[in-house]
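J.: Have a look at this one before I ask anything.
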Amino acid sequence: MTTRRHLLATGGLSVLGAALGLAGFSARAETFEVTRSDAEWKRMLPPDAYEVLRHARTERAGTSPLDKNYKKGTYSCRGCDLPLFSSTTKFDSGTGWPSFWQSLPNATAKSAGGSILWGTEIHCRRCGGHLGHVFNDGPKPTGLRYCMNGVALTFKAA
């Protein structure tokens with residue numbers, strides 16, 4: 001039986017949950033080294049990269065040529081060119097997205113929150129662009145799987 005007390009309690013918990021969920025996107029409220037207006041980001045990025053980097057969308061699995069790229073080199077942020085990952089930490093996770101077991105030092109940052117299903121959001125520490133998520137099911141030596149959107153990255157061969 002639904003009571004007023006039950007409705008107030010569940011409604012209050014829903015509001016609290018929504019507020020805590022918004023805290024997970026705290027990276028958007030931070031100030032980053034590289035900042036641009038939304039219009040500037042939209043002009044400089046391809047539409048799919050803009051949606052991923054600036055609106056935390058996810059590219060369709062298996063669509064990025066970087067997923068099967070195993071050349072030696074460095075993967076950088078498409079938004080600000082900050083080097084993020086070395087090819088030496090790349091592995092085939094079988095997910096259809098470029099995956100790494102470690103980022104370069106001081107390259108990425110984690111957003112608050114996260115879940116077992118969606119992982120913890122990873123963004124570029126310099127421009128705040130959404131890159132993907134990190135999960136605790138990766139290979140040794142870290143046990144991490146940085147599951148990245150290929151459209152958020154560029155690759156420079158060594």
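The values are calculated or read from the model by the stated rules, or taken from the named source; none is laboratory data. Keep in mind it's a predicted model, so treat the numbers as computed, not measured. Neighbour counts run over all protein chains shown; Cβ positions are idealised from the backbone, glycine included.
J.: How about the range 47-76: which of its residues are within 19 Å of R125 (Cβ to Cβ) and in contact with a Gly (Cβ under 6 Å, 6 or more places away or on another chain)?
T.: Result: L53, single match.
J.: Now for a different question. Return the residue satisfying two criteria in turn: it lies in the range 31-86 and is among the acidic types (D, E) and surrounded by fewer than 17 Cβ atoms within 10 Å (Cβ to Cβ), and of such residues it is farthest from H133 (Cα to Cα).
T.: To start, the set of residues in the range 31-86 that are among the acidic types (D, E) comprises 33, 38, 40, 48, 51, 59, 67, 81.
This time we only want the ones that are surrounded by fewer than 17 Cβ atoms within 10 Å (Cβ to Cβ), so: 33, 38, 40, 81.
On the way: E33: 22, D38: 23, E40: 25, D81: 19 Å.
Filtering the range 31-86 for residues that are among the acidic types (D, E) and surrounded by fewer than 17 Cβ atoms within 10 Å (Cβ to Cβ), the one farthest from H133 (Cα to Cα) comes out as E40.
J.: If you check T63 against the conditions, is it assigned to a loop (DSSP other than H, G, I, E, B) and either on the phi > 0 side of the Ramachandran plot or of a type in the set (V, I, T) (or both)? If you could, list the steps in order and put the result at the bottom.
T.: On the way: assigned to a loop (DSSP other than H, G, I, E, B): yes; either on the phi > 0 side of the Ramachandran plot or of a type in the set (V, I, T) (or both): yes.
For T63, the condition - assigned to a loop (DSSP other than H, G, I, E, B) and either on the phi > 0 side of the Ramachandran plot or of a type in the set (V, I, T) (or both) - is met.
J.: Next question. Of the residues L53, L20, which is modelled with pLDDT of 95 or more, closer than 18 Å to G119 by Cβ and assigned to a helix (DSSP H, G or I)? Full working, then the answer.
T.: Values: L20 fails: modelled with pLDDT of 95 or more.
Criteria check complete, one pass: L53.
J.: Could you check, for the range 106-119, whether at least one of its residues is among the basic types (K, R), out of contact with any Leu (no Cβ under 9 Å at 6 or more places or on another chain) and more than 25 Å from A157 (Cα to Cα)? Let's see the steps before the verdict.
T.: Here is the first cut: in the range 106-119, the residues among the basic types (K, R) are 110.
Filter once more, so that each one left must be out of contact with any Leu (no Cβ under 9 Å at 6 or more places or on another chain): 110.
Remaining after also requiring more than 25 Å from A157 (Cα to Cα): 110.
Taking every residue of the range 106-119 in turn, at least one turns out to be among the basic types (K, R), out of contact with any Leu (no Cβ under 9 Å at 6 or more places or on another chain) and more than 25 Å from A157 (Cα to Cα).
J.: Residue check: is D67 of a type in the set (D, E) and in contact with a helix residue (DSSP H, G or I) (Cβ under 7 Å, 6 or more places away or on another chain)? Can you show your working first?
T.: On the way: of a type in the set (D, E): yes; in contact with a helix residue (DSSP H, G or I) (Cβ under 7 Å, 6 or more places away or on another chain): yes.
Answer is yes for this residue.
J.: Check off (1) buried (at least 20 other Cβ atoms within 10 Å of the Cβ); (2) within 18 Å of G138 (Cβ to Cβ) for T89 and give me the number that stays unchecked.
T.: Result: T89 passes all but (1).
J.: If you check A109, A158, which single one turns out to be among the small types (G, A, S), surrounded by fewer than 23 Cβ atoms within 10 Å (Cβ to Cβ), touching a helix residue (DSSP H, G or I) at 6+ places or on another chain (Cβ under 8 Å) and within 15 Å of Y75 (Cα to Cα)?
T.: Being among the small types (G, A, S), surrounded by fewer than 23 Cβ atoms within 10 Å (Cβ to Cβ), touching a helix residue (DSSP H, G or I) at 6+ places or on another chain (Cβ under 8 Å) and within 15 Å of Y75 (Cα to Cα) holds for just one of A109, A158, which is A158.
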